[in-house]
Structures are given as C-alpha cells and as structure tokens.
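Below you'll find the structure, written out as structure tokens, and then a few comments.
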Amino acid sequence: MTVPAVIQPDTADTYAHQALALIAQHRLLTSTQLHQMLMPHTPPRKVHNVLAPLRAEGLIAHTSLGVRSGLKAHFLTAAGAQAVTDWPELRGRAATVIAGPAAAAMRAAHTLTGVRAHLTFLAEARDRGDEYQALDWVPEVTHRLPDTGGEDRLIADAVLHYTAVEPRRLQYRAFVEIDRTTMSSERLARKLITYARFHDYTPQPAGRRGTVAGQGAALFAWQRFYPRFPRILFVLTGAPRATLTARIADLRRMTADHDLVTRLAAHVPLGAAVLGDLEEAGPSGPVWTPLAGTGERRGWMQL
C-alpha cells in the first residue's frame with residue numbers, strides 16, 4: 001500500500017516578505033543595500049524583481065538620491081505599514097510611515113549612513129559564520145530616563161545583537177551612535193553622560209520608596225531589557241580625518257573628566273571608529289579607539 005506523501009508548507013519567508021520587513025525595520029533602504037541584505041550572491045538586478053510587485057501593490061514608494069547617482073531609497077507607504085502590523089519579526093515596534101519622497105530625502109543621509117555601518121557587521125558575520133542577520137540591527141531604540149537635565153529619553157541610533165560562534169559562543173550587544181559631524185563635538189560627547197545616567201538609574205518600586213526591602217528589590221532600569229549593559233560604539237563620518245580624530249579625542253576626554261562617565265567606562269566597553277575604516281577593514285579590524293585607557297586601536301570585541 002502506498003502512503004500518500006504529506007505536503008508541508010514552506011517555513012521560509014519569501015523575498016518579498018523579507019524585503020518588506022527590512023524596509024519596515026530600517027525605515028529607508030536603497031536597492032543596493034537591500035541586495036546586500038537579501039541576496040548578496042545573486043546579480044544585483046534580481047532585487048528589482050522583488051521590489052517591483054511591492055511597488056505595484058502600493059506597499060512601498062521611493063525617493064531619488066540625486067539625478068547622477070540614479071540611486072533610489074525605498075520606504076513603506078501607509079498600506080505597507082498596515083501590512084506588516086503584528087508580523088512576528090517586528091513585534092513591539094510600530095512601522096514608521098514617511099510622508100512622501102521629499103520627507104524621505106530629508107532623513108536619508110542619517111538613516112542610510114547607519115545602514116552602511118550595519119552592513120559592515122553583516123558582511124563580517126557571514127565571513128566568520130557568526131549569527132547576525134539583517135534584522136539584528138534595530139534602529140532608533142528609546143528608553144525612558146528621568147532626571148537627565150530636561151532630556152527624559154535616551155534614544156540610541158541603533159542597538160545591535162550579535163552572536164560570535166568561534167572560538168566559543170559569545171553574545172554581544174551594542175548601542176550604536178552615528179555621528180555625521182552635524183552636531184558640535186561637545187554635544188556628541190554629552191551623549192556619554194546620558195548613557196552613564198541610564199547605566200546607574202534605579203527606579204524605586206511603587207509603594208516601597210525609602211524602605212530597605214524596596215531598595216533591595218530594585219533593579220537597574222536597563223536590566224528590564226538587557227542581561228548585560230550593551231557596549232557603546234560611536235561611528236563617525238562626514239568630515240576630514242583630522243576632524244574625526246579630534247572628535248574621538250573629545251569623547252576620550254569626556255570619559256576621563258566626567259566622574260559618571262568614568263564609572264561607566266569601568267564596567268562597559270566604549271569605542272569609536274571612522275566609518276570608512278569599518279568598510280575597509282571590518283568591525284573586527286583594528287579600527288576602534290577605546291574611549292578609556294590606552295588609545296591603541298583594536299577590534300570591537302576586544303574593547
């Protein structure tokens with residue numbers, strides 16, 4: 001007696017599904033960046049076959065990034081944002097709807113620079129056989145933080161979740177700050193103070209303020225989200241090398257001079273690198289300057 005074959009549904013997502021999820025998470029992606037994330041070992045034109053139906057169905061739109069370059073950056077429409085609501089890979093994050101091509105063009109520089117940094121980690125993970133996927137870079141992560149001199153939120157440009165497999169299995173998390181030299185060096189360095197406040201902040205349990213039991217039960221605020229406080233990585237670009245080097249020196253000076261940041265650096269690895277160096281040598285290359293101790297450059301896992 002012949003037993004009929006049981007046909008099981010495919011467990012893999014389609015490229016269209018993956019592309020829509022990636023655009024939802026990263027807000028804005030060029031065709032080239034999507035190709036690198038989705039199908040790096042196929043001809044670049046293949047990604048257009050994925051995007052065309054999404055555009056025809058009104059789920060994505062695009063903005064042009066200069067006439068000469070021919071680059072287009074893709075973003076979700078309102079219909080696209082509705083389509084990804086409650087997708088498991090995006091759970092807990094509301095998709096951002098960009099008003100239109102003009103609004104997308106205004107935010108493209110910062111968003112796409114962050115994606116460039118993300119792609120260096122993605123390429124290296126593939127080479128090393130580590131566990132780090134295109135959705136493991138989560139942009140614009142916000143944490144509530146009282147008593148920060150009027151700034152009551154910590155907004156990290158991104159949080160990355162990376163698992164190294166060899167020589168032994170280790171999990172890494174990092175807050176990533178993207179600096180395009182559009183703000184003053186002092187303002188950039190002050191971000192370290194906000195991170196230090198978040199590191200030390202312990203909310204008091206409701207109804208147990210001031211009691212010994214309440215103080216013993218309290219956890220640091222960050223322990224609600226992370227088993228270990230993520231390392232902090234600054235990625236700099238947008239200016240000559242001398243300017244970027246000076247800004248890294250200012251970050252080191254803040255770490256040395258501000259008691260709260262010095263205490264943070266005793267427990268949390270802090271580093272800064274130039275984006276061009278990351279793209280050339282990879283995140284594990286000697287491109288990161290530690291913000292505490294010696295200034296000898298090293299890989300991000302060795303900070």
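Observations, loosely collected:
- Hits in the stretch 87-129 (condition: part of a loop (DSSP other than H, G, I, E, B) and more than 27 Å from Arg224 (Cβ to Cβ)): Val97, Ile98, Ala99, Gly100, Gly129
- Residues that are surrounded by fewer than 21 Cβ atoms within 10 Å (Cβ to Cβ) and not in a helix (DSSP H, G or I), drawn from the stretch 14-29: Thr14
- Residues of the stretch 83-108 satisfying the condition of being of a type in the set (Gly, Ala, Ser) and surrounded by 15 or more Cβ atoms within 10 Å (Cβ to Cβ): Ala83, Ala95, Ala104, Ala105, Ala108
- One residue from Gly129, Gly150, Gly210 being surrounded by fewer than 17 Cβ atoms within 10 Å (Cβ to Cβ), on the phi > 0 side of the Ramachandran plot and modelled with pLDDT of 90 or more: Gly129
- With a requirement of 2 or more residues that are under 30 Å from Asp130 (Cα atoms) and open to solvent by 70 Å² or more (accessible area, probe 1.4 Å), the helices (runs of 4 or more DSSP H) lying completely within the stretch 241-303 that satisfy it span 275-281.
The values are calculated or read from the model by the stated rules, or taken from the named source; none is laboratory data. Values in this document were obtained by computation on a predicted structure and should not be read as measured data. We place every Cβ from the backbone using ideal geometry, glycine too, and count neighbours over all the protein chains shown. SASA here: full protein model, heavy atoms, side chains in, ligands and nucleic acids out. Shrake-Rupley method; radii C 1.70, N 1.55, O 1.52, S 1.80 Å.
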